[in-house]
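Single-structure report; data block below.
The values are calculated or read from the model by the stated rules, or taken from the named source; none is laboratory data. Predicted model, so just to flag it, every value in this text is computed and none were measured. Neighbour counts run over all protein chains shown; Cβ positions are idealised from the backbone, glycine included.
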Amino acid sequence: MQALRVVPAIYYFDTFKEFNDEFKLGKGDILVTNQWMYDPYVKPLGIDMPVVYQEKYGAGEPTDEMMDAMKAEMDKYEYDRIIAFGGGTIVDCCKVLACEIPDKVADLYTGKVAPKRVKELIVVPTTCGTGSEVTNVAVASIPSLNLKKGIADEQTYADTAVLIPESLQGLPDKVFATSSVDALIHAVESFLSPKASPFTEMYSVKAIDMIMNGYKEIIAAGGNTAENRKAHLKDFCLAANYAGIAFGNAGCGAVHALSYAHGGAFHIAHGEANFICFTEVFKMYMKKQPKGKIELANKLFADVLGCAPADVYPALDEFLGKILEKKPLSEYGMTKDQVAEFAKSTVDNQQRLLANNYVPLTEAEIAEIFENLY
């Protein structure tokens, strides 16, 4: 079994200026970003390259329509290198947009067209969640098919991942919360995956430790605000990357698999959609196989929380609830009859993720989880 593979070269800089000094951005490049990131970090450097602002093409997470519209603008320019400077939406869009798209982006998600890379891709993440800079996963909603799906292909890896903690400074509180909780779940799901190795476990455990202890200090300082996070940005930037390396190799499981159903249906931020079902999935794991690696995961959390492993899930919900509010799915608009629908959709569409479960879950057990979340 392959124990660890990290495809992109990883660079670390304190500032965007240092990154530009080394990579010499300009002619032959195209920057995909948001204006609120461009203005403070890129504009003062006076770099001569075309800029595409993702927010012109829609808010929230990627859709095939968003990418088709972005591609139409990008096609107006000559470029060899895409610089993706943004959060998960921009990064996932650019993984796809660096590939050949003969007609529509949806064709890559339905399998009609296989991804084929035609542009160099440099990813500079501006959130501390997806770890997408080191994975080959590109997730999008396909509204015409009422589907949310991921591509995971050799062709959708970035060439270079660049970590710049400075770029996390302007994160809104809610975005910090949803993205960092996502990183935490990447870390623990990859830890429990049957594909985990001693190398991925090392990254998983370190990410869990850094995120949980970072949260502890933020909460002790008075809560999730930019000022209280400031001293911890480097740790969260690195932890998200470590978690990305772990799940890029070992995969994520049922928490992510289930989250696509309600995340897609109600347009819930990815990290928030995962957080909703995190502990409920783990309770089902414990019910089915309480003896095993899950005991180690529970102890990692219990040690930080100062509780007994038997009390870890209520304690974890309470602790994480101080960073991100957890609500029942009914508050997002879910109806009782969607329990069975979401369970079936998960089984039908998310086998790539369900294969990485700590233990296999039946459709009935997945329905029970959705019932408890309703």
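Observations
- Hey, Ile142 of a type in the set (Val, Ile, Thr) and in contact with a Leu (Cβ under 6 Å, 6 or more places away or on another chain) or not: no
- Condition met for Ile268 (outside any helix (DSSP H, G or I), touching a helix residue (DSSP H, G or I) at 6+ places or on another chain (Cβ under 7 Å) and assigned by TED's automatic domain parsing to the domain that holds Gly333): yes
- Residue list for the range 300-316, filter: assigned to a helix (DSSP H, G or I) and either farther than 21 Å from Lys206 by Cα or without any contact (Cβ under 8 Å) to a residue 12 or more places away in the chain (or both): Asp303, Ala310, Asp311, Pro314
- Inspection of the range 82-90 finds a residue satisfying the criterion of being crowded, with 18+ Cβ neighbours inside 10 Å, under 20 Å from Ile122 (Cα atoms) and among the aromatic types (Phe, Trp, Tyr).
- Every residue from the range 202-240 that is in contact with a Pro (Cβ under 6 Å, 6 or more places away or on another chain) and either part of a loop (DSSP other than H, G, I, E, B) or not hydrophobic (A, V, I, L, M, F, W, C) (or both): Lys234
- Cross-chain or 6+ apart pairs with Cβ under 9 Å, the range 1-29 first and outside the structural domain of Glu78 (by TED's automatic domain parsing) and free of Cβ contacts under 8 Å to residues at least 12 places away in the same chain, then in a strand (DSSP E or B) and surrounded by 15 or more Cβ atoms within 10 Å (Cβ to Cβ): none
- For the range 314-365, the set of residues classified as of a type in the set (Asp, Glu) and under 30 Å from Ile219 (Cα atoms) consists of Asp317, Glu318, Glu325, Glu331, listed by residue number.
Residue-by-condition table, conditions (1) over 15 Å from the mean Cα position of the chain (by Cα); (2) surrounded by fewer than 20 Cβ atoms within 10 Å (Cβ to Cβ); (3) at positive phi:
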| residue | (1), (2), (3) |
| --- | --- |
| Ala250 | no, no, no |
| His262 | yes, no, no |
| Gly271 | no, no, no |
| Val281 | yes, no, no |
| Lys287 | yes, yes, no |
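- When Gly333, Gly292 are screened for being within 22 Å of Lys206 (Cα to Cα), touching a residue at least 60 places away in the same chain (Cβ under 8 Å), of a type outside the set (Val, Ile, Thr) and in the same structural domain as Pro198 (by TED's automatic domain parsing), only Gly292 passes.
- On the stretch given as the range 190-201, residues that are of a type outside the set (Val, Ile, Thr), within 19 Å of the chain's Cα centre (by Cα) and part of a helix (DSSP H, G or I) total 4.
- Of the residues examined, Leu324 is not one that is under 22 Å from Gly88 (Cβ atoms), in contact with a Cys (Cβ under 7 Å, 6 or more places away or on another chain) and in the same structural domain as Asn213 (by TED's automatic domain parsing).
- Taking the numbered list (1) under 21 Å from the mean Cα position of the chain (by Cα); (2) not β-branched (Val, Ile, Thr); (3) not in a helix (DSSP H, G or I) in turn, Lys336 passes all entries but (1).
- Any chance Leu145 is surrounded by fewer than 20 Cβ atoms within 10 Å (Cβ to Cβ) and out of contact with any Cys (no Cβ under 9 Å at 6 or more places or on another chain): yes
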